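Below you'll find the structure, written out as structure tokens, and then a few comments.
Every number here is computed from the coordinates shown, using simple stated rules; none is lab data. Note that the coordinates shown come from a computational prediction; the quantities given were computed from them, not determined experimentally. No Cβ is skipped: glycine too gets one built from the backbone with ideal geometry, and neighbour counts run over all protein chains shown.
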Amino acid sequence: MEKIPMTADGLERLKEELRRLKTEERPAVVRAIGAAREMGDISENAEYHAAKERQGFIESRLGELEDKIRRAQVIEVEKLSGKRIQFGATVRLVDEDSGKKKTYRIVGADEADAAQGLLSIASPLARGLIGKEPGDSVEISTPGGIKAYEIRSVSYK
């Protein structure tokens, strides 16, 4: 069973989503299915079919979340240190073409949100950064072409 690396915050978010689905979403969809059944013929009842589809999504997501939580390998970022980039690192970069500065924290795939500066460990940029140090340059292949970044700093907070 392959472990899934994530931060403690990431694990908590998964657990919160699991709790919400079990205690709020699942009961609500069961009520919606019951209400739709009371309307009569369910063969052409759009509300019934929509609720059943939602129920299928919820049950699938519950299984997925339970599996991920079971396989979670929590990385305690605050115990990490050093100059080399690894999971949990907060990395300051400079785009060598535009001069734009960017800051990313390398996190688990389920935690990723590039707009929030959370970069998935599985992303091409994160994979290119792993093992590098401040002062190094990396070239990353993107859909828009090759992007070059200089690593300015690495920290673990």
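How much length is gained on full extension from Lys3 to Glu38, taking 0.36 nm per residue of separation minus their Cα-Cα distance?
Result: 8.1 nm gained on full extension.
To make sure I understand the rule: partners must be lysines, Cα under 30 Å from the Cα of Lys147, and not fewer than 8 residues away in the same chain. Which ones qualify?
Lys147 reaches Lys83, Lys100, Lys101, Lys102, Lys132, Lys157.
What shape does the stretch 68-138 have by the C-alpha gyration tensor, where a ≥ b ≥ c are the square roots of the eigenvalues, rounded means a/c under 1.5, and otherwise prolate means a/b greater than b/c and oblate the rest?
prolate
Just order 104-113, 52-61 by mean Cβ neighbour count inside 10 Å, highest at the front, would you?
Per-residue mean Cβ counts within 10 Å order the peptides as 104-113, 52-61.
Rounded to the nearest 20 Debye, what is the dipole magnitude of the stretch 4-74 about its Cα centre when Lys and Arg each give +1 and Asp and Glu each give -1 at the C-beta?
320
How big is the dipole moment of the chain about its Cα centre under a simple scheme where the beta carbon of each Lys and Arg is +1, that of each Asp and Glu is -1, and everything else is neutral? Debye, nearest 20, please.
620
For the stretch 4-74, with the dipole built from +1 on Lys and Arg beta-carbon atoms and -1 on Asp and Glu ones, taken about the Cα centre, which of Ile4, Leu62, Val74 lies farthest toward the positive end?
Val74
From the phi angles alone, apply the Karplus equation (6.51, -1.76, 1.60; θ = phi - 60°) to the stretch 44-55 and give each ³J(HN,Hα) in whole Hz, x where the residue is Gly or Pro.
For the stretch 44-55, the Karplus curve yields 10, 9, 5, 5, 5, 5, 5, 5, 5, 5, 4, 4 Hz.
Would you compute, from DSSP H runs of 4+ residues alone, the mean residue ellipticity of the chain at 222 nm, taking -39500 (n - 2.57) per run and dividing by the full residue count, rounded to the nearest 500?
It comes out at -12000 deg cm²/dmol, rounded to the nearest 500.
How would you classify the chain from its alpha-carbon gyration tensor, with a ≥ b ≥ c the square roots of the eigenvalues: rounded for a/c under 1.5, else prolate if a/b is greater than b/c, otherwise oblate?
It comes out prolate by the Cα gyration axes.
Which angle between 0 and 90 degrees, to the nearest 10, do you get for helix 8-20 versus the longest principal axis of the chain when only C-alpha atoms count?
Between helix and principal axis, roughly 10 degrees.
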